[in-house]
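The values are calculated or read from the model by the stated rules, or taken from the named source; none is laboratory data. Quick caveat: nothing in here was measured; it's all calculated off a predicted structure. Backbone-built Cβ (ideal geometry, glycine too); neighbour counts: all protein chains shown.
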Amino acid sequence: MSTQEYSWKKMTARWSWLFLLIIRVLTWVVAVPVFGATLEGGVAQVDITPPPGLPMYGYLDRLRKHQVAISTLDPLYARVLVLQGGLKRAALVTLDLGRTFNQSWLDRLHNTAKQTSQIDELIVTASHTHSGPNVLDVYPDNRSPAWETAALDKVVEAIHRAALHLEPVRLGSASGGANICYNRRHIDLDNSVTMLWSNANKIPTTPVDPTVTVIRIDRQDGTPLAILVNYACHPIVFGADNRQYSADYVSTMIATVTNALPAKPICLFVQGADGDINPYYATTPLNQGAVEKRDWTGRELGTEVVRIARAIETRASAALLDFADDEVVFPLRWHPKEFHDDLLHVHGPLVFQDHAEPIDAFPSPNKLALHVTMLLISRQIGIVGMPGGPFVEFQINLRARCPVEVCLMMGYTNGFFDYFPTILAASQGGYGAGDSNTYVAVGAGERMLDHALIRMYETLGELRAVPELENQPQRKR
Amino acid sequence: VAAALLGEGSTAMLFLRLVVALPLGVLLTCAPIEAQSLEAGVARVDITPPTGLVLQGYPGVGRLATGVRDPLLARILVVRSGATRVALVDLDLIAVLEPGYLTQLYEAVKDDVPNLLVTAIHTHSGPALIPGLSPPPRDWEATAVAKISRAIHEAIIHSVSVRLGVGYGVAHLGHNRLRKNRDGGVTWFEKNWTGVSTAPVDPTVAVLRIDDLSGNPIAVLVNYACHPVIFGPDSQLYSADFPGAMTEVVERALGDKPLCLFLQGAAGDINPIYAVTPLAQGAVELSHRTGTQLGLIAARVAEQIQTTADSATSLQFVEDNLKFRSRWDATQWRAADPNNAAMIAAKTQSVYELPVTTMLINKQIAFLGMPGEPFVDFQLQWRARCPVRDCFFLGYANGYYGYFPTIDAARWGGYGAAHPSTWIEVGAGEEMLERALIRVYEMLERIKPVPEDLR
């Protein structure tokens with residue numbers, strides 16, 4: 001090593017701290033929230049497709065046969081929308097996955113995003129594709145797979161990127177309808193349930209919510225920055241014979257939307273209350289045209305989204321963000337220990353990698369704390385998140401009681417506790433309603449919806465903290 | 001003989017034994033076990049307090065009872081099926097007795113009747129039982145408990161096998177007293193003499209007739225949602241208001257044979273058309289008229305009911321204690337109303353335990369009891385969502401915790417919806433209703449204790 005080289009390295013080492021400080025300050029200056037009077041938005045997306053060789057989510061048979069992913073049909077993304085309203089900043093992260101990552105992952109993401117991007121509130125939601133990697137709360141060796149850690153870093157970076165590029169935005173919303181799905185629970189005359197696992201003949205079923213809700217977020221010049229699509233339908237055109245990673249029909253839908261709209265906005269799919277809703281061509285075998293059926297389903301939805309999005313006239317929106325993320329505690333629906341032991345006995349140990357994972361603990365929990373999420377954007381758009389698969393009636397109910405311009409129901413949000421049937425559906429039984437795929441107390445869905453709506457009404461000032469004291473009729477003393 | 005002919009131990013003999021034995025076995029197995037019948041007994045007792053007590057329901061220090069317009073009764077129906085026995089105690093009072101006296105009553109009868117469903121008709125012409133400025137008449141409460149427990153035992157003694165029937169009528173005697181305005185506000189709509197349409201209202205008169213096995217009526221239960229507030233603050237006589245007249249009409253129409261019980265429904269926002277009528281403007285006549293109209297409708301329904309005895313009877317009863325928070329922020333409320341610290345403290349406790357009662361008779365007739373004043377929407381929802389055909393809704397049951405508005409009504413505000421008269425958290429009514437619904441499904445074994453794939 002020459003003396004000159006040595007001096008240069010010495011000098012670099014001496015001043016590197018200053019260099020790093022300058023970079024840090026510059027980053028901080030750029031990323032620090034600028035509190036304007038208009039709503040601001042920023043978007044980003046990142047490929048989080050894991051390497052092949054992982055077990056896949058969604059079908060117990062595939063797990064039992066130890067069939068792992070062999071390649072990628074279409075990449076899996078995390079898409080990020082960061083919103084800044086007044087002093088509050090929130091990040092919505094949509095994942096092309098079967099469910100969200102575990103609580104530890106969510107906490108780490110929230111903490112890091114808070115530090116690096118000043119994110120106050122975080123909503124992470126999954127599309128529920130059954131062609132993604134399997135995600136568990138606890139892994140057999142107690143160590144998260146490397147790809148999950150890598151995904152965490154990527155999402156942190158995407159949030160940071162979106163936060164760095166915040167700009168004033170305009171909001172608009174509208175709804176349409178898409179006829180691509182059906183209710184997979186056929187209620188017989190004797191009130192029993194027959195599961196209708198696919199419905200290529202498009203036999204009418206009920207209840208179904210064909211509503212496609214689109215939120216358009218424009219830059220100030222009117223070009224679309226982001227398109228939020230809310231629709232309730234299981235992404236399961238691909239069945240258990242598929243061993244390629246895919247976002248299912250959601251990927252086709254998103255491609256259709258981004259290619260059709262100017263400036264190629266980022267399209268975020270927000271899965272609705274799809275607990276009992278399948279696509280018509282559900283679990284189509286690959287050799288019977290699954291890819292074409294996936295594309296048909298996604299194109300139908302995407303085309304409708306494009307039609308709706310084009311018709312939306314965005315407007316300047318108030319810089320207001322309101323948020324609630326409450327833990328609501330519910331008892332277990334079944335006897336905890338018996339349920340755990342019966343699951344093991346009937347389905348074998350792999351069952352907990354398919355469903356009911358929160359029960360696989362010692363001692364078996366008799367209560368579960370579920371995150372119920374509420375986000376109000378500009379007092380114009382209300383979003384309710386539930387940590388699992390709510391049945392579609394909850395979405396219809398939310399829309400009927402929505403106190404703002406538009407309300408979206410998000411399933412698979414900020415946690416995962418399998419299915420939430422309505423009380424009526426629980427009494428009828430069937431998959432996700434009366435079997436081991438649902439284990440939170442009957443009535444939990446109704447309670448969570450009421451809870452989120454009450455939070456929304458409180459936020460809007462419609463529920464007071466103090467009783468009305470004036471003009472009360474002079475009664476009951 | 002057969003053994004001698006066929007040979008003991010031969011195949012033919014074995015076959016013959018089987019042929020003979022099998023029907024005998026079946027016969028023994030199917031031998032009629034005496035069918036478990038439903039039994040019921042009734043009793044009534046006068047619990048009218050002495051004069052001089054404060055009448056509750058309207059303001060005015062010194063609204064003391066000076067006499068009795070019509071006696072205040074406790075009406076008791078005891079029902080039994082197998083090992084389960086329930087006493088339904090219907091009181092001509094503004095609310096049920098204080099918790100300590102309900103416990104006394106329970107203790108006095110629990111060996112014979114472990115399940116109590118105590119409910120009040122909510123008359124505003126009775127003694128003060130809702131915690132407030134007026135001290136409750138505790139000596140009288142103790143006396144009432146003793147009388148009621150004796151009456152319960154009397155009803156047990158007189159119990160007979162019964163058959164049941166349910167029918168429905170319609171009576172437009174009440175209106176919704178919270179009128180929603182286009183500006184988002186609510187107007188207090190106390191009386192409605194001109195019969196303006198309001199909503200929501202439930203005009204349903206649900207009638208349960210209980211006969212002995214010969215067809216003689218023993219009891220007629222009339223379930224209707226309407227505040228008994230025709231008598232206003234100028235009345236100083238004890239009265240059951242219009243339900244008193246109603247029960248008389250029904251009993252008379254059925255030959256004075258049955259005991260008629262008025263079961264107040266979800267009357268939290270429902271007033272009678274002739275609410276709070278001054279005595280000088282005919283309150284006595286209008287109360288009588290309202291009670292008579294309802295009574296005639298209920299009697300007509302009751303007369304047409306064909307009671308039947310079920311071959312398989314059953315009686316199921318559950319009381320759940322649900323925990324709720326206070327709706328109000330104590331600090332802010334004290335700041336806004338510094339002169340009512342004691343009342344505010346009572347209504348801003350960290351947790352309240354509310355008893356929710358569910359009863360199912362013969363897997364066909366469901367009862368839901370809420371401990372306060374539910375808004376009428378809950379009654380409509382109960383009937384729409386309840387999985388059996390006949391569903392009765394009882395307000396003021398087994399306790400009193402103020403008004404239970406729906407979430408939507410709480411947003412609108414107004415009396416009972418956002419006033420100090422409601423203090424349990426928003427959404428409590430919905431949760432209580434749904435708990436009872438789940439209980440009925442469980443009683444019907446339609447919500448099962450084990451997942452279907454693990455049975």
Residue hits (the stretch A:413-450; of a type outside the set (F, W, Y), more than 7 Å from chain B (Cβ to nearest Cβ), part of a loop (DSSP other than H, G, I, E, B) and closer than 24 Å to B:L444 by Cβ) are A:P421, A:T422, A:G430, A:G432, A:A433, A:N437, A:T438, A:A441
Within the stretch A:322-362, work out how many residues are more than 23 Å from A:H66 (Cβ to Cβ), at pLDDT 95 or above and not β-branched (V, I, T).
20
Please determine, by comparing only the residues of the stretch B:46-60 that are within 26 Å of the chain's Cα centre (by Cα) and farther than 25 Å from B:I76 by Cβ, which one is nearest to the other protein chains (Cβ to nearest Cβ).
B:Y58
Is at least one residue of the stretch A:142-154 within 25 Å of A:G389 (Cα to Cα), out of contact with any strand residue (DSSP E or B) (no Cβ under 7 Å at 6 or more places or on another chain), in a loop (DSSP other than H, G, I, E, B) and without any contact (Cβ under 8 Å) to a residue 12 or more places away in the chain?
no
I'd like to check something: does the stretch A:403-424 contain any residue that is touching a Lys or Arg at 6+ places or on another chain (Cβ under 9 Å) and within 17 Å of B:P405 (Cβ to Cβ)?
yes
Conditions (1) under 20 Å from the mean Cα position of the chain (by Cα); (2) within 14 Å of chain A (Cβ to nearest Cβ); (3) surrounded by fewer than 18 Cβ atoms within 10 Å (Cβ to Cβ) -> B:P135 fails only (1)
Looking only at the stretch A:356-393, filter to residues that are farther than 22 Å from A:L424 by Cα and small (G, A, S); which one of those is surrounded by the fewest Cβ atoms within 10 Å (Cβ to Cβ)?
A:A361
Some residue of the stretch A:168-182 being part of a loop (DSSP other than H, G, I, E, B), under 30 Å from A:S378 (Cβ atoms), small (G, A, S) and touching a Cys at 6+ places or on another chain (Cβ under 9 Å):
yes
All-but-one check, B:I438 against (1) in a helix (DSSP H, G or I); (2) more than 8 Å from chain A (Cβ to nearest Cβ), failing number (2)
Evaluate the stretch A:363-371: report whether one residue or more is aliphatic (A, V, I, L, M) and within 14 Å of another protein chain (Cβ to nearest Cβ).
no
Does B:E425 satisfy being more than 9 Å from chain A (Cβ to nearest Cβ) and over 21 Å from the mean Cα position of the chain (by Cα)?
no
Consider B:L221 carefully, then state whether it is in a strand (DSSP E or B), closer than 16 Å to B:T292 by Cα and under 19 Å from the mean Cα position of the chain (by Cα).
yes
For A:V229, only one of the following conditions fails: (1) in contact with a Cys (Cβ under 8 Å, 6 or more places away or on another chain); (2) closer than 15 Å to A:S131 by Cβ. What is its number?
(2)
When the residues of the stretch A:141-158 are filtered to those that are of a type in the set (S, T, N, Q) and surrounded by 13 or more Cβ atoms within 10 Å (Cβ to Cβ), which remaining residue is farthest from A:D120 (Cα to Cα)?
A:S144
Looking at the stretch B:149-167, can you tell me whether even one residue there is more than 30 Å from B:K363 (Cα to Cα) and of a type in the set (A, V, I, L, M, F, W, C)?
no
So which residues in the stretch B:396-422 are within 21 Å of the chain's Cα centre (by Cα) and closer than 24 Å to A:R399 by Cβ?
B:P405, B:T406
Residue among B:G165, B:G185 that alone is at pLDDT below 95 and small (G, A, S):
B:G185
Looking at B:A409, B:A336, B:A397, B:A366, which one is within 12 Å of chain A (Cβ to nearest Cβ) and either within 18 Å of B:G265 (Cα to Cα) or surrounded by 18 or more Cβ atoms within 10 Å (Cβ to Cβ) (or both)?
B:A409
Look at the stretch A:326-351 and say how many of its residues are within 14 Å of chain B (Cβ to nearest Cβ) and either among the acidic types (D, E) or part of a helix (DSSP H, G or I) (or both).
14
Filter the stretch B:241-265 for residues that are assigned to a loop (DSSP other than H, G, I, E, B), over 24 Å from B:L380 (Cα atoms) and of a type outside the set (D, E, K, R) and give the result.
B:L254, B:G255, B:P258
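So that you can scan it fast, the table gives a plain yes or no per residue for (1) touching a helix residue (DSSP H, G or I) at 6+ places or on another chain (Cβ under 9 Å); (2) exposed (fewer than 14 other Cβ atoms within 10 Å of the Cβ):
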| site | (1), (2) |
| --- | --- |
| B:A120 | no, no |
| B:V170 | yes, yes |
| B:T194 | no, yes |
| B:I210 | no, no |
Could you identify the single residue in B:G244, B:G291, B:G295, B:G268 that is buried (at least 22 other Cβ atoms within 10 Å of the Cβ) and in contact with a strand residue (DSSP E or B) (Cβ under 7 Å, 6 or more places away or on another chain)?
B:G268
Restricting attention to the stretch A:197-223, report how many residues are within 16 Å of A:S378 (Cβ to Cβ) and assigned to a loop (DSSP other than H, G, I, E, B).
1
Right, B:D90: under 17 Å from B:L259 (Cα atoms), at pLDDT 95 or above, among the charged types (D, E, K, R) and crowded, with 24+ Cβ neighbours inside 10 Å or not?
yes
Residue in the stretch A:174-193 that is over 30 Å from A:Q428 (Cα atoms), surrounded by 23 or more Cβ atoms within 10 Å (Cβ to Cβ) and in contact (Cβ under 8 Å) with a residue 40 or more places away in the chain present
no
Those residues that are within 7 Å of chain A (Cβ to nearest Cβ), assigned to a helix (DSSP H, G or I) and not acidic (D, E), I need them from the stretch B:441-455; list them, please.
B:Y441, B:L454
If you check A:E458 against the conditions, is it in a helix (DSSP H, G or I), surrounded by fewer than 24 Cβ atoms within 10 Å (Cβ to Cβ), modelled with pLDDT of 95 or more and over 20 Å from the mean Cα position of the chain (by Cα)?
yes
Is it the case that B:A384 is under 30 Å from A:R399 (Cβ atoms), out of contact with any strand residue (DSSP E or B) (no Cβ under 8 Å at 6 or more places or on another chain) and facing chain A (nearest Cβ under 7 Å)?
no
Only one of A:L463, A:L453 that is in contact with a Phe, Trp or Tyr (Cβ under 6 Å, 6 or more places away or on another chain), on the phi < 0 side of the Ramachandran plot and at the interface with another protein chain (Cβ under 7 Å from one of its Cβ atoms):
A:L463
